[in-house]
Amino acid sequence: MITSRERLENNQIWVYGVALIIGAIMGLSSKPFGESLHWTISPLIAILMYGMFAQIPFLKLREAMSNVKFIVALLIGNFIFVPIVVWVLTSIFPQTTPVLLGICLVLLTPCIDYVIVFTQLGKGNEKLMLASTPILFVVQMLLLPVYLWLFIGEKMVGIVQVAPFVEAFLVLIVAPLAVAVLTQLWAKKAAAGNKVLDFTAWLPVPFMALVLIAVVASQIHKVYSDFYIIVHVIPIYVLFLVIMPFLSRLLVRIFKLDVGAGRALIFSTATRNSLVVLPLALALPDKWSTIAGAVIVTQTIVELVGELVYIGIVPRFVMKDNDQMK
């Protein structure tokens, strides 16, 4: 018998589609109200991550962390394949320096937060993604200045600040993870804790919808006002989402990853760290911050739509259950 929660999960793509539309209407109809929702994004993501973490059997994370083949494939995909793709795309579609900076900031940094949720929704191995987030976090901080120097020039190296990355990692990963573990321990000792744990299974879908509404409503006016500039970056973002699953499948075959790991790799290489790097862009001088910020926000919106497509097509067509790489 299908429960109400299962019915909600089965229709989640429609829920998210409606959320995107609601967010766009809210943001375009009232700029002040839409922008006022910006402060809700991090708390909503934190609750979303808590709800998802609470469903993960953490005793099995040791097994996930020992999957060396996946970690190596993940690093190659995110820090070798992705920069090559970004270089090719920005060569085909050349941009001004502020626009190129925004593109590099967002496309060269792999997501460390809601990619775990999308991986789970796309029937990938979210435990592998969770175990790999500290590695992705450290490596992107070390390599981003190098990439900016290669893509733009030496003057750009100084803009990279560690603080926004550390803050996001602590607030969006560490804190929800700690609370989720405490909830699981509570559930083993008390009936009330078990009820709370059961309730957390309801959180991912509605809170993902709320995140989508808040992100789109708070940021869409920037995209609308600078559309004459950012319209030229949309092909880059769309092609990036189209290309990365094919390159990820190549890595899956090379490293002979199982289906769950393969799906996780696809979501990781395609999902970017937009909500973390946005503060970096907004800290730039006014002229640069406006353009780079709009470019990053545009990627967020394009990516959110792309993730909804990924949730449906990755497990059904790109990486099917019988696609075991041996």
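The values are calculated or read from the model by the stated rules, or taken from the named source; none is laboratory data. Quick caveat: nothing in here was measured; it's all calculated off a predicted structure. Backbone-built Cβ (ideal geometry, glycine too); neighbour counts: all protein chains shown. Keep in mind that these areas ignore ligands, DNA and RNA; they rest on the heavy atoms of the full protein, side chains included. Shrake-Rupley method; radii C 1.70, N 1.55, O 1.52, S 1.80 Å.
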### Query
Which shape class, rounded, prolate or oblate, goes with segment 1-149 when its Cα gyration tensor gives a ≥ b ≥ c as root eigenvalues, a/c under 1.5 marks rounded, and past that a/b bigger than b/c marks prolate?
oblate
### Neighbourhood net charge (14 Å Cβ-Cβ; Lys/Arg +1, Asp/Glu -1) for residue 230
-1
### Two-site FRET efficiency, residue 68 against residue 4, from Cβ-Cβ distance with R₀ of 51 Å, rounded to 0.05
0.80
### Task
Work the Kirkwood hydrodynamic radius out for segment 111-157: mean of 1/r over every pair of different alpha-carbon atoms, inverted, in Å.
12.0 Å
### Query
Leaving out ligands, DNA and RNA, what percent of the accessible area of the chain is carbon and sulfur, probe 1.4 Å?
69 percent
### Message
Sort 239-245, 195-201 by packing, meaning the average of other beta carbons within 10 Å per residue, with the highest value first.
### Response
239-245, 195-201
### Task
Would you mind getting the accessible area per residue of segment 198-326, heavy atoms of the protein chains only, 1.4 Å probe, in Å²?
39 Å²
### Query
When only Cα pairs under 8 Å and 6 or more residues apart are kept, what is the percent relative contact order across the chain?
34 percent
### Task
Using packing as a proxy for protection, rank 39-48, 177-186 so that the peptide with the highest average count of other Cβ atoms within 10 Å comes first.
39-48, 177-186
### Query
How far apart, in nm, are the 7 Å Cα→Cβ label points at residue 15 and residue 238?
2.9 nm
### Task
Can you tell me which of 202-214, 72-84, 310-322 comes out highest on packing, and rank the rest after it, using the mean Cβ neighbours within 10 Å?
202-214, 72-84, 310-322
### Task
Starting from the Cα-Cα distance between residue 25 and residue 196, subtract it from 0.36 nm times their residue separation and give me the gain in nm to one decimal.
58.1 nm
### Task
Enter the per residue convex hull volume of the chain, computed from alpha-carbon coordinates, in Å³ rounded to the nearest integer.
132 Å³
### Query
With a ≥ b ≥ c the root eigenvalues of the C-alpha gyration tensor of segment 167-326, is it rounded (a/c under 1.5), prolate (a/b larger than b/c) or oblate?
oblate
### Task
State to the nearest 20 debye the size of the charge dipole of the chain about its Cα centre, where the only charges are +1 on K and R beta carbons and -1 on D and E beta carbons.
740 debye
### Query
Please state the equivalent ellipsoid semi-axes for segment 240-295: what are the square roots of 5 times the Cα gyration tensor eigenvalues, largest first, in whole Å?
34, 10, 7
### Query
Which value at 222 nm does the chain reach when only helices count, each DSSP H run of 4 or more adding -39,500 (n - 2.57), with the total divided by all residues and rounded to the nearest 500 deg cm²/dmol?
-23500 deg cm²/dmol
### Task
List, in the order given, every pair from 123/188; 195/320; 69/127; 31/287; 69/188 whose Cα-Cα distance in the structure shown is over 24 Å.
123/188; 195/320; 69/188
